[in-house]
Amino acid sequence: MKELTAKELQQLSEHGLTKEQLFRQLEIFRKGIPHVQLERPATLLNGILSFTVQQEKERIDTFEKSLKKIHVTKFVPASGAATRMFKSLFSFIDGYKPYRETISEYSERSGDASLLELFENQQALPFYELLEKVETDADASESDIFFARVKAMLD
């Protein structure tokens, strides 16, 4: 593997990346991301729901009423892999030391304040109820539970 210049090492440091993380990401770009092997197609009642006209109307009404209370933004990821969008989370999975540090300590060490913000506001995520179901050890700290939840989100 190529040796990095001092300037490249500085850039990695500024982005909170290690050389190993960089080389792993470069390998992904070289090899590409493997295609997903689907188990079976989604079919009616097996991943696809069917609504009556009345149920459809109720759901549309609920959505339209909620538009008055919220701001809706269309989200379109820049790439299928969305690596840049989730960089902070992947760095967290690679760099966090479960059972040895807290999210605050990791955030301070890595310089990633956004992760601490996510930790403190995770209850606001629309899928938080699903995250609460992620299994962890009985003695896991709040930080380690969050680590398990982030891992589950990325798997």
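Values quoted throughout were computed directly from the atomic coordinates according to the rules given, and no laboratory measurement underlies them. Treat the numbers as computed from the prediction; the structure is a model and nothing was measured. Glycine also receives a Cβ, built like all others from the backbone with ideal geometry; neighbour counts cover every protein chain displayed.
Tabulated data
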read-out: About the Cα centre, charge dipole magnitude for the range 75-154 (Lys/Arg +1, Asp/Glu -1 at Cβ), debye; value: 440 debye
read-out: Extreme residue, positive dipole direction of the chain, given options SER104, VAL53, PHE63 (C-beta unit charges); value: VAL53
read-out: Cα-Cα over 28 Å, subset of LYS87/LYS133; LYS74/LYS97; LYS74/LYS151; LYS2/LYS151; value: LYS74/LYS97; LYS2/LYS151
read-out: Charge context of VAL134, other residues only, Cβ under 14 angstrom, K/R +1, D/E -1; value: -4
read-out: Prolate/oblate/rounded call for the chain, Cα gyration tensor, a/c under 1.5 rounded; value: prolate
read-out: Sequence ranges 34-46, 57-69, ranked by mean other-Cβ count within 10 angstrom, highest first; value: 57-69, 34-46
read-out: Size of electric dipole in the chain: Cβ of Lys, Arg +1 and of Asp, Glu -1, about Cα centre, debye, nearest 20; value: 780 debye
read-out: Distance in nm between pseudo-label sites at ALA140 and ARG109 (7 Å out along the Cβ direction from Cα); value: 1.9 nm
read-out: Within the chain, helix-based [θ] at 222 nm, where runs of 4 or more DSSP H residues each add -39,500 (n - 2.57), nearest 500; value: -14500 deg cm²/dmol
